[in-house]
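A short worksheet on the structure shown next.
The values are calculated or read from the model by the stated rules, or taken from the named source; none is laboratory data. These figures come from a predicted structure and were not determined experimentally. Virtual Cβ from ideal backbone geometry, glycine too; neighbours counted across all protein chains shown.
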Amino acid sequence: MGRLERRERWEAAFSPVPLALSGAFLSLCLLFMPGLAGRAAFFAAASFAAWLSGRKVSPLAALVVIAGIVGANLLVPVGRLILAWGPLRIHQESLYQGLEKALTFEALVMVSKASLGPSLRLPGRFGSFFAEALRCYDRILERKATVRAATFFKDIDDALVSVYDGMDGTDAAPSGDPGNRGRPGDRFLPFAALAAGLAVALAVIAR
Amino acid sequence: MTSSMPRSASEKRRLAAFLAALAFFLSAVEYMLPRPVPFMRVGLANLPILFAVELLPWGWYLALALVKVAGMSLLTGSLFSYVAVFSLAGTMASALVMRGLYALAGPKAISWVGLCVAGAVASNLTQALLARVIVFGESARYMIPAFLGLGLVSGLVLGVFAELFSARSAWLAGVRGRRDGQA
């Protein structure tokens, strides 16, 4: 199954608002999760969910970021020396802290990828301004095919003039937005949140 | 550089929404470009904030900066992660420094390049300090020179692009002309 197909299925299965709220709760659970094993499990589950959601997930980029964060933490020696290989010195606490920070960093990215999408509508005045910007963004996207490398400046400028002049300032949010109606997968979201909350509670008790 | 604020509330809102949409679009363009280092980027999405320095009043300017961060975080799916915290801190630092410099120096005393470099350096320095607290710890001090160097280079590149675009853009001339017509 291709990425776009996975994305369509994911969006058909979950409503944007309950999915975003579940993502926010899971992010909080992750931050309270003690120990490396729990965060590693969280990272694995979140990566799988992000892949299922059809968002762009690059294992190579994730590995580079994790290696960078761990490497930076190893520069400051903390704890017992566990490996010395030429100029490389690995200290236990530095390695542990680096891995914990790196896994948390990437797991939060994966939770966000799985739980957030452009169909989410924010409430209030800020939300309506935000929705107006998103509608305008859609119009810019419609014009992007007209931009050519040879006439880049002129094409971009023509697109900006066309989209800006086309905004009449009376764009109302679409009524009865189908994006926020209940969808079949929504009933599973409370269980996912409950499972994450229980896992954190058990990990805290077991410490 | 000239000062050109729209006068009516609906015009300000329309312009702010348009600039936010442009930031989302440029963010998507930049997302597709390959990066030699994960944290390194030119900051194309900051161009609308740069132009907004002269086009929008303070309130809408800050709303634009917030919507830019929220929108980019939603579209790239990073709103609940540290990435959004870095983005918010960097964007707000850059926006406040650019707008503050513009208010202090005035439109004739500072160029787009100057504003851009100041904004990029402020953004990268803020993110480096945040990185010290969140991910890199004490080692962040080794990265600050590199972060500042990257800020300088990306600010220069973006500033030159802004100068060229500003000189040739019919859209920007139209927005400025509309303000002059309303005044």
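Give B:Val121, B:Val85, B:Val117 a once-over and let me know the one that is in contact (Cβ under 8 Å) with a residue 40 or more places away in the chain, assigned to a helix (DSSP H, G or I) and away from every other protein chain (no Cβ under 14 Å).
B:Val117
For A:Leu26, state whether it is assigned to a helix (DSSP H, G or I) and under 25 Å from B:Val133 (Cα atoms).
Yes; evaluated as a whole, the condition is true for this residue.
Report every pair of residues separated by at least 6 positions or lying on different chains whose Cβ atoms are under 6 Å apart, first residue within the range A:120-140 and in contact (Cβ under 8 Å) with a residue 24 or more places away in the chain and part of a helix (DSSP H, G or I), second small (Gly, Ala, Ser) and loosely packed, with under 15 Cβ neighbours inside 10 Å.
Cβ pairs passing all conditions: A:Ala131/A:Ala173.
I need the full set of residues from the range A:16-41 which are modelled with pLDDT of 90 or more and polar (S, T, N, Q), in order please.
Answer for the range A:16-41, where residues must be modelled with pLDDT of 90 or more and polar (S, T, N, Q): just A:Ser22.
In the list A:Ala114, A:Ala84, A:Ala72, A:Ala107, which residue meets the criterion of being of a type in the set (Gly, Ala, Ser), in the same structural domain as A:Ala196 (by TED's automatic domain parsing) and assigned to a strand (DSSP E or B)?
None of the other options fit; the residue is A:Ala84.
Look at A:Ala159 and say whether it is outside the structural domain of A:Ala20 (by TED's automatic domain parsing), in a helix (DSSP H, G or I) and hydrophobic (A, V, I, L, M, F, W, C).
So A:Ala159 passes the test.
Would you please name the residue that is nearest to B:Ser73 (Cα to Cα), looking only at residues in the range A:118-133 that are of a type outside the set (Asp, Glu) and facing chain B (nearest Cβ under 7 Å)?
A:Pro118
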